[in-house]
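FYI, it's all coordinate maths here, none of it is from the lab. What you see is a predicted model, and the numbers here were worked out from it, not measured in a lab.
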Amino acid sequence: MGMKDQFQDKSRQAKDQAKEKMGQAKEKAGQRGQQGGRQGQQPQRGGQNHRDIEETEQQVHDRLGQDYES
C-alpha cells in the first residue's frame, strides 16, 4: 500500500469516526432536550394545551374552508 493510499484510508477512518461522534452527540442532545422539555414546560403549558388544540383545529377548519371554496 502506498503512502497516498494509507493517507486516504486514515482520512476516511477519521471522517467515519467524526460522523459517529456527531451522531452520538446529536442523540444525547435530543434526549436532554426531550427530558428538559417534559420537566420544565409541562407545569407552565398545562393550561394552554387545550387552547392550543382548539386554535389548531380552528386553523385546520379555516384552511379546509379556503381550499374548498375555490
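What the table shows:
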{"read-out": "Length gained when the stretch Asn49-His61 is fully extended (0.36 nm per residue, less Cα-Cα span)", "value": "2.5 nm"}
{"read-out": "Sequence-distant lysines (8 or more away, or on other chains) whose Cα lies within less than 21 Å of Lys26", "value": "Lys15"}
